[in-house]
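What follows is a short report on a single structure.
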Amino acid sequence: MDVAGQIESAFQQYWGGHFEVVKSFFGEPRPREQLIAWLELQLYKEIHVVPRKAREILEMYERLDADVERSEFEAECYELADEVQHYRLLADVHELLLGERRPATSFTATPEQRELEAVRRTYANGGPFVKSVGGFAPGGGAAFAAAGSMIDGGPVERQLAAAFEVIYRQELQHYHKNRFVFDRLAREATVAELEEGLRYARELARQHFLLRNSSFGCPLSPDRVREVDAGKVAPYVPPPLY
C-alpha cells in the first residue's frame with residue numbers, strides 16, 4: 001500500500017471507532033448529564049471556528065478573481081454556513097434539554113479538545129500536502145453523524161437524529177471536497193512530505209477518536225480503545241456522493 005493509501009487507512013480505522021462510540025452511547029439509557037456534556041463540547045466545536053473562518057473568507061475576498069477562484073471562495077462560504085447550521089440545530093436540542101438559552105461564547109474546550117488542537121498546531125506550518133491531511137477530519141464527522149442519524153426514542157432523540165442527518169450530508173460533502181484536493185496534492189508530494197503527512201494522519205486520527213470517546217463519557221472501555229488502536233474494528237469508509 002502506498003503512503004496515500006496508508007493515510008486513508010489510518011483515518012478509516014479510527015472512523016470505525018467514531019461510529020462505534022456513538023452507536024454504543026445511544027444503544028442504552030444514559031444520564032442526561034452525559035448527553036448535555038457532549039452537546040456542550042460539540043457546540044463549542046461547531047461555533048468556535050467562526051472567527052477564524054470569517055477572517056479566512058475576508059482574506060479570500062481581497063484576492064477573489066485574482067488568485068482565488070470563485071468556486072473556492074463559494075465553497076468556503078458554504079462550509080462556514082454549514083458549521084453555523086450545525087450549531088443552531090444542536091443548540092436547539094440543548095435549549096430543549098435545559099429549558100434555557102446560553103450565549104454561544106460560553107461553551108469551552110475540554111482537555112481532549114485542546115490536545116486535538118495542539119496536534120493541528122504541530123503541523124500547521126507544513127506544506128500544502130501536509131495541510132490537506134487535516135481535510136480528512138470531516139470523514140470522522142460523517143462517521144459519527146451516520147451513527148447518530150439512526151437513534152430513536154423520545155422528542156430529544158428524534159430531534160437529535162434529524163440534526164445528525166443534516167450534519168451527515170454536509171460533512172460528507174466537505175470530506176469529498178477536501179479529498180479531491182488531497183488526491184491531487186498527493187500525486188505531487190515529495191517522499192518527505194508524504195512521510196510527514198502519514199505521521200500527521202496517525203496522530204490526528206487517533207486523537208480525534210479519543211476526543212470522540214471522552215466527549216460521550218467513554219462508552220468504549222480502555223480495553224476496547226486498545227483494540228481499536230490495534231485495528232480490531234470495522235473501518236468506516238465514507239460512501240461516494242453519487
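Points worth noting:
- When residues of the stretch 198-225 are limited to those that are within 13 Å of the chain's Cα centre (by Cα) and of a type outside the set (S, T, N, Q), the one surrounded by the fewest Cβ atoms within 10 Å (Cβ to Cβ): R206
- Members of the stretch 110-126 found to be at pLDDT below 95 and assigned to a loop (DSSP other than H, G, I, E, B), listed by number: T110, A124, N125, G126
- Test: residue in the stretch 89-108 that is assigned to a helix (DSSP H, G or I) and farther than 30 Å from L35 by Cβ: no
- Qualifying residue in the stretch 50-69 (condition: surrounded by fewer than 16 Cβ atoms within 10 Å (Cβ to Cβ) and in contact (Cβ under 8 Å) with a residue 60 or more places away in the chain): no
- In the stretch 226-242, the qualifying residues are those that are hydrophobic (A, V, I, L, M, F, W, C) and touching a residue at least 60 places away in the same chain (Cβ under 8 Å), and the one that is surrounded by the fewest Cβ atoms within 10 Å (Cβ to Cβ) is L241.
- Within the stretch 134-242, helices (runs of 4 or more DSSP H) holding 3 or more residues that are closer than 23 Å to Y44 by Cα and of a type in the set (F, W, Y): 155-188
- Candidates are the residues of the stretch 145-171 that are under 14 Å from L90 (Cα atoms), of a type outside the set (G, A, S) and in contact (Cβ under 8 Å) with a residue 60 or more places away in the chain; the one that is surrounded by the most Cβ atoms within 10 Å (Cβ to Cβ) is I167.
- The stretch 108-130, subset in contact with a helix residue (DSSP H, G or I) (Cβ under 9 Å, 6 or more places away or on another chain) and of a type in the set (D, E, K, R), residue farthest from S215 (Cα to Cα): R120
Condition check ((1) hydrophobic (A, V, I, L, M, F, W, C); (2) within 27 Å of V93 (Cβ to Cβ); (3) part of a helix (DSSP H, G or I)) across all residues:
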{"site": "E40", "(1), (2), (3)": "no, yes, yes"}
{"site": "K45", "(1), (2), (3)": "no, yes, yes"}
{"site": "R52", "(1), (2), (3)": "no, yes, yes"}
{"site": "E56", "(1), (2), (3)": "no, no, yes"}
{"site": "Y61", "(1), (2), (3)": "no, no, yes"}
{"site": "F73", "(1), (2), (3)": "yes, no, yes"}
{"site": "Y78", "(1), (2), (3)": "no, yes, yes"}
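- Pick from the stretch 70-93, criterion touching a residue at least 12 places away in the same chain (Cβ under 8 Å) and of a type in the set (A, V, I, L, M), ranking: surrounded by the most Cβ atoms within 10 Å (Cβ to Cβ): L90
The values are calculated or read from the model by the stated rules, or taken from the named source; none is laboratory data. Worth saying up front: this structure is predicted, and the values here are computed from it rather than measured. Using ideal geometry, Cβ is built from the backbone for each residue, glycine included, and neighbour counts are taken over all protein chains shown.
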